[in-house]
1. Please report the net charge: other residues with Cβ closer than 12 Å to the Cβ of Asp128, K and R +1, D and E -1.
2. Treating each Cα of the chain as an identical point scatterer and ignoring solvent, apply the Debye formula and state log10 I(q)/I(0) at q = 0.08, 0.13 Å⁻¹.
3. Considering only Gly182, Gly22, Gly58, give the residue with the highest GNM mean-square fluctuation for the chain, with springs between Cα atoms whenever their separation is below 10 Å.
4. Considering only protein heavy atoms, what per residue accessible area in square angstrom results for the chain with a 1.4 angstrom probe?
5. So how do Glu138, Glu25 rank on accessible area, 1.4 Å probe, biggest first, that is with the largest at the start?
6. Show me, for segment 35-43, the HN-Hα J-couplings you get by feeding each phi into the Karplus relation (A = 6.51, B = -1.76, C = 1.60, θ = phi - 60°), rounded to Hz, glycine and proline as x.
7. Enumerate the calculated ³J(HN,Hα) couplings along segment 114-128 in order (Karplus 6.51 cos²θ - 1.76 cosθ + 1.60, θ = phi - 60°), each rounded to whole Hz, writing x wherever the residue is Gly or Pro.
8. Calculated from DSSP H runs of 4 or more alone, at -39500 (n - 2.57) each and per residue, what is the 222 nm mean residue ellipticity of the chain, nearest 500?
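The values are calculated or read from the model by the stated rules, or taken from the named source; none is laboratory data. Keep in mind it's a predicted model, so treat the numbers as computed, not measured. In this analysis, Cβ positions are derived from the backbone assuming ideal geometry, glycine residues included, and neighbour counts consider all displayed protein chains. Heavy atoms of the whole protein, side chains included, go into the accessibility calculation; ligands, DNA and RNA do not. Shrake-Rupley method; radii C 1.70, N 1.55, O 1.52, S 1.80 Å.
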Amino acid sequence: MPTAAFADTDSIIKLPPPAIQGGGELIAALKARRSTRAFAAKRLPQDLLSTLLWAAFGINRPESGGRTAPSAHGWQEIGVYAVLPEAAYRYDANANALAMVAKGDLRAATGMQDFVATAPLNLVYVADFERMKDASDEDRVFYASADAGVVAQNVYLFCTANGLATVVRGLVDRKRLAPALGLRLKQRIVLAQTVGYPE
Ligand SMILES: Cc1cc2nc3c(=O)[nH]c(=O)nc-3n(C[C@H](O)[C@H](O)[C@H](O)COP(=O)(O)O)c2cc1C
């Protein structure tokens, strides 16, 4: 029996309970998603890192270059940087590769909380304002923030589904981190996100 239609004049619509029991992997990941701030030092294997980056903002429609996360106007302005213990890299989704942007351990520079220095991976979401054509400065900030947030949620869900811990972070010393990553003036750090195995 379909649920009876409700009168659109009702001011409160009592919904049926959400169907979250045995609802498949996506519902399980949404149920378990949370922020965690304690990470083991253990490194992520490369195949897991590759899939994580694909989930974050990889290409899911090769014919059009479409990505796993939406972006305003299809600008695809969010660059995903991976700060690993030995160097920092920019994720190249087309080549499925990591391109080094800085040698050395920059993990401590990715945030202002102690765990960032020892967690095995910090992602940094960088908006390239030059890709955001015909947008006002204010709109660039709004859209870049929203677009980075969607990437962050992809990472949350991937981490939850794969036994990884994660927390997205706005608390970043952008003035310190931007030059360390070799960013141009029009590239703005929106968020960072720490990833690792739970401690
Ligand atoms: C835009 C944004 C910025 C955040 N910045 C930080 C941060 O700098 N440091 C931190 O530990 N958590 C940060 N968080 C995580 C929130 O504190 C966390 O999501 C919130 O407490 C709810 O907890 P939950 O994610 O476990 O549901 C941020 C979350 C968002 C969405």
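1. Result for the neighbourhood of Asp128: +4.
2. -0.31, -0.73
3. Gly22
4. On a per-residue basis, 56 Å².
5. Glu25, Glu138
6. My calculation for segment 35-43 gives 8, 10, 10, 10, 10, 6, 6, 3, 6 Hz in order.
7. The phi angles translate into 4, 5, 5, 6, 10, 5, x, 8, 10, 8, 10, 9, 10, 8, 9 Hz.
8. The per-residue figure over the chain is -8500 deg cm²/dmol.
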